[in-house]
Amino acid sequence: MGVKKKYLTPTFLLCILLQVMEKKVRQGDLYDFYGELLNDHQKRIFESYVFEDLSLKEIAEEEGISRQGVSDLLHRCTDTLEEYESKLHLLERFIKIRGKVDEARSHTTEDMRSIRRSLDEILELL
């Protein structure tokens, strides 16, 4: 039995779309930091899915493997990249630093003390 149409409201569909987009952005960010730690096969498939927005079927046909094989590999790659992040926290630190830099940029000249504090906080993160 399928999903009843009354539950497929525009708001519901928008929430699903946002979740998918957030996941792909997260995967892209993790890849930027840790992608070089994947092997060439993993990199090629991960890039095709995340950056080129190819479907599982398209990647499977291109690589000569099953759709399920592509799906499994993408899950393993994402889990591996998340594991690297949980140990090294490079992406987390980058996001904090970027936030502090944005905060410092938003200050006017009267806020020099606040800028100094922000820069000190950035240095502590490094």
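Matching residues to (1) touching a Phe, Trp or Tyr at 6+ places or on another chain (Cβ under 8 Å); (2) among the small types (Gly, Ala, Ser); (3) surrounded by 14 or more Cβ atoms within 10 Å (Cβ to Cβ); (4) within 20 Å of residue 90 (Cα to Cα):
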residue	(1), (2), (3), (4)
8	no, no, no, no
28	yes, yes, yes, yes
31	yes, no, yes, yes
34	yes, no, yes, yes
40	no, no, no, no
45	no, no, yes, no
48	no, yes, yes, no
54	no, no, yes, no
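Across segment 105-116, what is the total count of residues that are surrounded by 13 or more Cβ atoms within 10 Å (Cβ to Cβ) and either within 22 Å of residue 29 (Cβ to Cβ) or at pLDDT 75 or above (or both)?
The number of residues fulfilling the criteria is 2.
Look at segment 84-126 and say how many of its residues are closer than 18 Å to residue 34 by Cβ and of a type in the set (Ser, Thr, Tyr).
Result for segment 84-126: 2.
Could you list all residues from segment 89-104 that are of a type outside the set (D, E, K, R) and either closer than 17 Å to residue 28 by Cα or surrounded by 15 or more Cβ atoms within 10 Å (Cβ to Cβ) (or both)?
Answer for segment 89-104, where residues must be of a type outside the set (D, E, K, R) and either closer than 17 Å to residue 28 by Cα or surrounded by 15 or more Cβ atoms within 10 Å (Cβ to Cβ) (or both): 89, 90, 91, 94, 95, 97, 104.
Which numbered condition in (1) surrounded by 13 or more Cβ atoms within 10 Å (Cβ to Cβ); (2) within 30 Å of residue 58 (Cβ to Cβ); (3) among the charged types (D, E, K, R) is the only one that residue 83 fails?
If we test residue 83 against (1) surrounded by 13 or more Cβ atoms within 10 Å (Cβ to Cβ); (2) within 30 Å of residue 58 (Cβ to Cβ); (3) among the charged types (D, E, K, R), just (1) comes out false.
Please list, ordered by residue number, the helices (runs of 4 or more DSSP H) wholly in segment 1-105 having 1 or more residues that are in contact with a Leu (Cβ under 6 Å, 6 or more places away or on another chain) and in contact (Cβ under 8 Å) with a residue 24 or more places away in the chain.
10-34, 40-50, 67-88, 90-105
The values are calculated or read from the model by the stated rules, or taken from the named source; none is laboratory data. Treat the numbers as computed from the prediction; the structure is a model and nothing was measured. Reconstructed Cβ throughout: ideal geometry from the backbone, glycine too, with neighbour counts over all protein chains shown.
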